[in-house]
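One structure is given below, encoded as structure tokens.
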Amino acid sequence: MTGDADLHGQLVAIFGTEVAERVQAMNRHLLALEEDPAGAELEEQLAGLFREAHSLKGAAGAVGMAEIAAIAHRLESVFQAVRNGELTLGRQAFDVLYAGVDAIGALATTDPPPQVDPGAVAAALERLAAGTPEPHPPAPATPPAPEPQPVPPGAPEPQPRDRGAPEREGNPGPGAVGGDVHSPSSGVGEETVRVAVAKLDALMNQVGELVVARIAAEQRVGELRGLQEELAQWDLAWRAARPGRHPPDPAALARFVEAGAGRLAGIRRQLDGLARGYQAEGRRLGQAVEELRDEVRRARMLPVSTVFDGFPRLHRDITRELGKEADLEIRGGEVEVDRAVLEQLRAPLTHLLRNALDHGLEPAEARARSGKPARGSVVVAATQREGVLQVEVADDGAGIDPARVRARALERGLLGPEAAERAGDREVLDLVFASGFSTATRVTGLSGRGVGLDVVREHVERLHGTITLDTEVGRGTRFLLELPLTVATTLCLLVGAGGRPFGLPATSVMRIERVRPEDLGWAGGHRVVPVDGRPVALVPASSLLGLGQPEAAEAGTVVVVGSAERRTALAVESLLGVQEVVIKPLPQPFARVPGTAGAATLASGEVVMILNAADLTRPGAARTAAAAPAPAAGDPPPRQASVLVVDDSAVTRTLEKGILETAGYRVLVAPDGVAALDLLRREPCDLVVTDVEMPRMDGFALTAEVRGDDRLRDLPVVLVTSLASDDDRRRGVEAGADAYIVKGAFDQDRLLETIARLI
């Protein structure tokens, strides 16, 4: 019985893989059929649909899934009726067919339980085949693609599930082996991924190389044993000839010395041969291991079409729902990427595509008034450049108006009036990635442009990638995602800062330069260095990492990190080389320390922090400096503003200190209100950032004490606390606080904007 159960579980798992492939194929055929082909093309699409439905019916019957078999049988009847000329398909008929295909996909998935009525779907298809479709087709069996969800700090790396995605070495079928993720009801819990036979053959070839290396190593061991035997015989001869209790025999010593010369020469020859052999075998073994690792990595690769293939159906459903006309162009589906990267990309790309269709493209009437074609255009394209995956989602719609973003940022308190006036369009547009930000004036089931973009960025940055936005009002919007092709290992540039090594993912390193004192300048209160004719903020890496802050970043080695639009120049003490590492997330409470992507163990065994270029280039941290007049020759640099951070949590103090020092402030710290007051009366500062709940003296009392001191009463105070009630906010106002930021909605950009407004 156990054997029968195991066999059935395996059959169910294999059936799940087959369903995913056949549902994908039926969606392609239906989309092509909906374009109203004729002649041979019409017959080709109908034949393909009939073949897929017929095969599904047989496979479902074999594994005892009668509901799927019934729906497939009725789909088969509909397609046969169309082939016989007995039925013509209209828009309503296609809705019924898509609902049937979706129902099969949902019923084959056991987690979560499908929300579908198979009887209603089968009945609707039966009425369609008979030429009497119902006035309202059944609702889609599968829910819309999920929105990307926030990644909890410190969450483990994703273990993506590859539901039936075929390996695209060619057409799947003979030559593709393996299974799919087994469903919980299958009795088999482990994950599997389909691998083409060509890739397995390549792996076996590399294993063959390792076998040859093992045989060669065994031969070397035999040579070593022979050498050991030779040395043992020589040792016996020496024991016989050496002086003991009796006077040595001169003749015996002479014979030993004479024979020893020959033996020594022979041993030297054997050792030389062993050394050469081990060097050659070491090189061969190293090459075999490297090639085996590459082949294993390639075995994990899947074509981007694994994700892209679902977009035509999604495009069809959304445009149908919105009543819009739009063309979807998909390019680069053949580019291969690590499946872990693909699975993390699925939700963000789906979100970007839905937003482009819903709020990127204008209605046909508005497009006509703008002189545009009634049909909009959306492009999803993937390319591979120097080990980096680039994915573009672009539309020719209305674009994003920086003025609207600026107004909404002011309204929500993300920018103060002065900061909003000072910020350029590029910096303002970056706010669409802020948590919950949206310029949409209406709420739809598809969400407004901007909603969820913060989570999209989180997913991308968790893969150590970047996302940039280009938009032009009236012309369209383009999102560009740049990610590593694999997350199994990451090539990092190792740099020295504060006497310690740190890593920078090579994909984020734009260039390395030596900077002379005469190359440096001042702009917007920052030291800057020119890069491609633009001033880029120069930040000492040691101060960024809280390892001490030099008086100024001067001449030396500079590593420019970021993307085409957002850059930071890191002043480092040394370059330590390049190494491939495995980046591990940091544990709580350090999971989201600004500027860090995780930690890695070097080949030497040393653990190093890996820096996050996306954090380093974000507005409010170390950002590209705006053009501004430099100090006159001989003038000292601008005075560095100072901020006192007061919090009883050492972790919070360290985090806020890092954020503020990265933004160019001098930072003092205190563990509670009493220590803060003592420090303020001894050392002046420009602003206080304080927690509320602290021992000895809380933040409300500290604020009141500051307001009651003649020397400190004008000092700005910002309360940063988890207390979010109206009463707590009122107490903060009554105490005299200038700003009140809730930790639950804490955003470092908001903190920096608030400080910049108050100082």
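Annotations
- Test: residue in the range 667-679 that is within 19 Å of ILE759 (Cα to Cα) and of a type in the set (Asp, Glu): no
- Scanning the range 318-356 for residues that are closer than 23 Å to ASP470 by Cα and either more than 24 Å from the chain's Cα centre (by Cα) or charged (D, E, K, R) (or both) yields a count of 7.
- Scanning the range 469-496 for residues being open to solvent by 20 Å² or more (accessible area, probe 1.4 Å), closer than 26 Å to LEU361 by Cβ and assigned to a strand (DSSP E or B) gives a total of 6.
- Within the set LEU570, LEU538, LEU575, the sole residue that is modelled with pLDDT of 80 or more and open to solvent by 50 Å² or more (accessible area, probe 1.4 Å) turns out to be LEU575.
- Where a residue in the range 305-324 is more than 18 Å from PRO348 (Cβ to Cβ) and its partner, wherever it lies, is hydroxyl-bearing (Ser, Thr, Tyr) and outside any helix (DSSP H, G or I), with Cβ under 9 Å and at least six apart: LEU322/THR444
- Exclusive hit being modelled with pLDDT under 85, small (Gly, Ala, Ser) and over 19 Å from PRO312 (Cα atoms), set ALA66, ALA122, ALA60, ALA72: ALA60
- LEU414 meets the conditions (1) of a type in the set (A, V, I, L, M, F, W, C); (2) surrounded by 15 or more Cβ atoms within 10 Å (Cβ to Cβ); (3) modelled with pLDDT of 85 or more; (4) more than 18 Å from LEU481 (Cα to Cα) in every case but one. The failed one is (3).
- Some residue of the range 268-276 being in contact (Cβ under 8 Å) with a residue 24 or more places away in the chain, of a type in the set (Gly, Ala, Ser) and farther than 30 Å from PHE433 by Cα: yes
- Counting the residues of the range 647-682 that are outside any loop (DSSP other than H, G, I, E, B), among the hydroxyl-bearing types (Ser, Thr, Tyr) and buried (at least 21 other Cβ atoms within 10 Å of the Cβ) gives 1.
- Per-region count, the range 497-507, residues part of a strand (DSSP E or B) and open to solvent by 40 Å² or more (accessible area, probe 1.4 Å): 1
- Just one of (1) closer than 29 Å to THR319 by Cβ; (2) surrounded by fewer than 19 Cβ atoms within 10 Å (Cβ to Cβ); (3) at pLDDT 85 or above fails for PRO112. It is (3).
- Verdict on ASP358 being among the charged types (D, E, K, R), closer than 18 Å to LEU480 by Cα and buried (at least 16 other Cβ atoms within 10 Å of the Cβ): no
- Flag if PRO373 is more than 30 Å from VAL509 (Cα to Cα), modelled with pLDDT of 90 or more, out of contact with any helix residue (DSSP H, G or I) (no Cβ under 8 Å at 6 or more places or on another chain) and of a type outside the set (S, T, N, Q): no
- Subset of the range 307-335 (residues that are among the aliphatic types (A, V, I, L, M) and either open to solvent by less than 20 Å² (accessible area, probe 1.4 Å) or closer than 25 Å to THR490 by Cβ (or both)): VAL307, ILE318, ALA326, VAL335
- When the range 276-306 is filtered for residues that are outside any loop (DSSP other than H, G, I, E, B), in contact with a strand residue (DSSP E or B) (Cβ under 9 Å, 6 or more places away or on another chain) and open to solvent by less than 30 Å² (accessible area, probe 1.4 Å), the ones remaining, listed by number, are ALA299, MET301, LEU302, PRO303, SER305, THR306.
- Residue check: VAL717 meets all listed conditions (1) closer than 29 Å to LEU545 by Cβ; (2) open to solvent by 30 Å² or more (accessible area, probe 1.4 Å); (3) β-branched (Val, Ile, Thr) but one, namely (2).
- Any hit, the range 41-54, residues being of a type in the set (S, T, N, Q), in contact with a helix residue (DSSP H, G or I) (Cβ under 7 Å, 6 or more places away or on another chain) and either closer than 26 Å to LEU328 by Cβ or open to solvent by less than 20 Å² (accessible area, probe 1.4 Å) (or both): yes
- Of all residues in the range 366-406, those satisfying the criterion of being surrounded by fewer than 17 Cβ atoms within 10 Å (Cβ to Cβ) and among the hydroxyl-bearing types (Ser, Thr, Tyr) are SER370, THR383.
The values are calculated or read from the model by the stated rules, or taken from the named source; none is laboratory data. In this text, all values refer to a predicted model and were calculated from it rather than measured experimentally. Every residue, glycine among them, receives a Cβ derived from its backbone with ideal geometry; neighbour counts consider all protein chains shown. Note: areas computed on protein heavy atoms with side chains; ligands, DNA, RNA excluded. Shrake-Rupley method; radii C 1.70, N 1.55, O 1.52, S 1.80 Å.
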